[in-house]
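Chemist: Mind having a look at this structure? Questions to follow.
Only the coordinates and a few stated rules stand behind these numbers; no lab work does. Predicted, not measured: the structure shown is a model, and the values here were computed from it. Cβ coordinates were reconstructed from backbone atoms using ideal geometry, including for glycine residues, and neighbour counts include every protein chain displayed.
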């Protein structure tokens, strides 16, 4: 294998692929970056066995100025190779297997020789057939991920809850996550209606990594098999394993009726909850209290050691009885952030029952649910 | 005590004073911020007993819009108070001692009540008489600090070496630091010649904090007592304790003659050393090798596990014999960075003796010395 490439173009691909590569893993070859040079171009692959990312620099890509002198394949130590590539002196670099798996990297007057690994020992990526395919706008997908992934569980006691449940039915797409204290649900109607029925649970960690790669992408093609999902982002392929098992039926968790509805500006309420949480964070039980009545609403937080805070809230609309309810302010902050600067409606039944946050407009499309904390 | 103040102006002073406040300390009152309101303005004090910072907002300062309704003093939990102040909703805030040491902070609709401490229990700042005073340009002082503090020791086995040795003699000012493996020495001729002879050793940690505060300052007034130094930066006072003991005589460490002189561009050499250190960092003994001869110079680094690197160096001028010398690349990187993008001369005697780096112009003013590593 021997190729010369523009360093800036190469680093861009290298950064994407590196997202999948773990510093430590039980499979040593996975700390490496796989490079394959063939007649068409150069393929970079990284994987931590949960996520795999593969991207191809084409010989037709002018900015890459890729010149393949000899085809071949090698696995190079990823973190170390990345550091080298980023510090090379010249605009271009040449990578060449010299003998065995020993590989030289030359650029300007610098010559590195590093020990690679046999590319044949690198695990094969899953083969995914393209029968079950969905096309999504990258912006929409990124928004859906950011709005739901906040509610995934980070506890391994119920692994299924560490994922987001994606379900497709005709052109209806729903994403739900819950850690059993809170729940986020987003619904979207897709443009294209040629979608098969599909149910999948994608690890939250995979979706967080995927979201970071969606910024300069327009459309994402999604393909699903029994235990893998593939997102195609142009020339870059993002694979994730799926979580196995049945996701709990979340529809019955969401209250369909409420006795009290209060409208707030999400950004204003977020700032007030932030301030109240300064106190609750100093206390052993991280709880703030919301009091709602016709005469006014306020949020309070306190820590016996440090002090207390109370703040009158600006209520835009109010319908129902008076209520005192306590909750974890960090759940509320995550939920409020996911709406951006819009007006939201918060719907309560009693101080012991979950309450929901929805946009004032288009309530069905997006629900954040929070379970209150019982206080005495 | 009761005062109202513009929050932005207050936060600026709070940030400066907070530099001195440690999160954990054996003296609990020092986790606090001391506030004193008197007829002239509001004084903020923070200290970790090594460094103390005091700053005053004057009632004459228009941007601060400071209004003192009642004079008085209190100590408030610093980290927590800072977080509150930064998240308050309104442009102004009011701080008031309501009963005992309980203090309210109000801004817009938010009302915080926090438990303060008796300001009388706060340690007094050192009293410094103004007989021994030096005036310095803030830019020069910042440069001197950044060029020398890199060489202070971070080991407590010889505490005196954790400081930078400042000496004044007439209008000659010298700053020296060494950790016994390397040494940095900077000399400056001061404009004002009315300087007394003075010798002091300032902890490197104090100088690092001071340097961060010098950005928007023009002139610094420095006053010294037996065990304290005070830097006056306009309305802000920065106190540091001095290290006690005699600083070793460093003049005899610096070779006055050399057999080999090589001129490099500091930035180019830094980049090459950076690349070579990628390999040496993977090795147990972190060493790179420089080879100089009439036919060319090169730097090499290697790690038995990972690989090796070699790079031809661009030598601008060369005088003397051939030489092979090994050293810690991290010391070299610190030293090279301190010169900026200029041409420097590196002067060697043998591969076992310390070598020095100086600017090509004005060699006496600035010396970096590095002790080589013996290799076999």
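Chemist: If a/c stays under 1.5 just call it rounded; otherwise compare a/b with b/c (prolate if a/b is bigger, oblate if not). Do that for region A:60-102, with a ≥ b ≥ c from the square roots of the Cα gyration tensor eigenvalues.
Modeler: oblate
Chemist: Starting from the 7 Å offset along Cα-to-Cβ, what nm value, one decimal, do you get for the label separation of residue A:246 and residue A:295?
Modeler: Those two pseudo-labels are separated by 5.2 nm.
Chemist: Between residue A:49 and residue B:316, what is the FRET efficiency for a Förster distance of 51 Å, r being their Cβ-Cβ separation, to the nearest 0.05?
Modeler: E(calc), rounded to 0.05, equals 0.50.
Chemist: Right, another one. So the label point sits 7 Å from Cα along the Cα-to-Cβ vector; using that for residue A:60, what distances do you get to the other copies, in nanometres, sorted shortest first?
Modeler: Copy-to-copy label distances at residue A:60, shortest first: 7.4 nm.
Chemist: Compute the convex hull volume of the Cα atoms of region A:73-122, divide it by the residue count, and report the result per residue in Å³ as a whole number.
Modeler: Considering the Cα atoms of region A:73-122, their hull volume per residue is 69 Å³.
Chemist: With the crude spin-label approximation of a point 7 Å out along Cα→Cβ, what separation in nm comes out for residue A:12 versus residue B:40?
Modeler: 6.0
Chemist: What is the helix-to-structure angle for B:7-18, meaning the angle in degrees between its Cα long axis and the longest Cα principal axis of chain B, kept from 0 to 90 and rounded to the nearest 10?
Modeler: The two axes meet at around 50 degrees.
Chemist: Give the Debye-formula value of log10 I(q)/I(0) at each listed q (0.06 Å⁻¹), with one equal scatterer per alpha carbon of the protein assembly as shown, two decimals each.
Modeler: Summing over Cα pairs of the protein assembly as shown leads to -0.56.
Chemist: Using Cα centres only, tell me the gap between region B:301-376 and region A:306-340 in whole Å.
Modeler: Spelled out, the Cα-based centre of one part sits 62 Å from the other.
Chemist: Mind pulling the angle between the C-alpha long axis of helix A:78-87 and the longest principal axis of chain A? Nearest 10 degrees, somewhere in 0 to 90.
Modeler: Its long axis makes an angle of about 80 degrees.
Chemist: Tell me, what is the Rg over Rh of region A:2-121, with Rh the Kirkwood radius over Cα pairs?
Modeler: Rg/Rh for region A:2-121 comes to 0.93.
Chemist: Can you tell me the alpha carbon radius of gyration of region A:146-232 divided by the globular rule-of-thumb value 2.2 N^0.38 Å?
Modeler: Relative to the rule-of-thumb radius for its length, region A:146-232 sits at 1.09.
Chemist: Could you give me the percent of Cα pairs per 10 Å distance bin for region A:28-78, shortest bin first, beginning at zero and ending with the bin that holds the maximum distance?
Modeler: 26, 48, 24, 2
Chemist: Continuing with this model, one more query. What does the structure give for A:79-88 when I average, per residue, the other chain Cβ atoms found within 10 Å of the residue Cβ?
Modeler: For this peptide, the per-residue mean of nearby foreign Cβ atoms is 3.
Chemist: Related question: Quick one: with label points 7 Å out along Cα→Cβ, list the inter-copy distances for residue B:140 in nm, shortest first?
Modeler: In ascending order, 6.7 nm.
Chemist: Does anyone have the angle between helix B:266-280 and the longest principal axis of chain B? Alpha-carbon axes, 0 to 90°, nearest 10?
Modeler: Relative to chain B, helix B:266-280 is tipped by roughly 80 degrees.
Chemist: For region A:76-159, compute Rg over Rh where Rg is the Cα radius of gyration and Rh is the Kirkwood radius from the inverse mean 1/r over Cα pairs.
Modeler: With Rh from the inverse mean 1/r over Cα pairs, Rg/Rh is 1.18.
Chemist: What residue of chain B has the nearest C-beta to the axis that moves B onto A, and what is that distance in Å, given as a whole number?
Modeler: Of all Cβ atoms in B, the one closest to the rotation axis yields B:23, 14.
Chemist: Defining the label point at 7 Å along Cα→Cβ, can you sort the distances from residue B:333 to the same site in each other copy, shortest first, in nm?
Modeler: Label point to label point, same position, other copies: 3.4 nm.
Chemist: From a point 7 Å beyond the Cα of residue B:227 in the direction of its Cβ, which residues of region B:13-35 have a backbone N at a distance under 17 Å?
Modeler: Correct set: B:27.
Chemist: On to the next question. Using the alpha-carbon centroid of each, what span in Å lies between region B:1-72 and region A:65-82?
Modeler: The two parts, judged by their Cα centres, are 57 Å apart.
Chemist: Using a Förster distance of 56 angstrom, determine the FRET efficiency expected from the C-beta separation of residue A:215 and residue B:98, and round it to 0.05.
Modeler: 0.65
Chemist: If you don't mind, another one. What's the extension gain from residue B:69 to residue B:135 if we count 0.36 nm per residue and subtract their Cα-Cα distance?
Modeler: This chain segment gains 20.0 nm when fully extended.
Chemist: In chain B, how does Rg compare with the Kirkwood Rh, expressed as the Rg/Rh ratio over alpha carbon atoms?
Modeler: My calculation puts Rg/Rh at 1.08.
Chemist: Give the dimensionless ratio obtained when the Cα radius of gyration of region A:171-290 is divided by 2.2 N^0.38 Å.
Modeler: Normalised Rg, Cα atoms only: 1.40.
Chemist: Let me ask you something else. For the pair residue B:19/residue A:25, report the inter-label distance in nm, with labels modelled 7 Å from Cα in the Cβ direction.
Modeler: So the label points at residue B:19 and residue A:25 sit 4.5 nm apart.
Chemist: I would also like to ask the following. Once you have a ≥ b ≥ c as the square roots of the Cα gyration tensor eigenvalues for region A:257-370, tell me rounded if a/c is under 1.5, and otherwise prolate or oblate according to whether a/b is larger than b/c.
Modeler: In terms of gyration-tensor shape, prolate.
Chemist: Provide the FRET efficiency to the nearest 0.05 for the residue B:198-residue A:115 pair, computing r from the beta carbons and using R0 = 56 Å.
Modeler: 0.50
Chemist: If I stretch the segment between residue A:127 and residue A:189 completely, what's the gain in nm (0.36 nm per residue apart, minus their alpha carbon distance), one decimal?
Modeler: Taking residue A:127 through residue A:189 to full extension adds about 19.4 nm, to one decimal.
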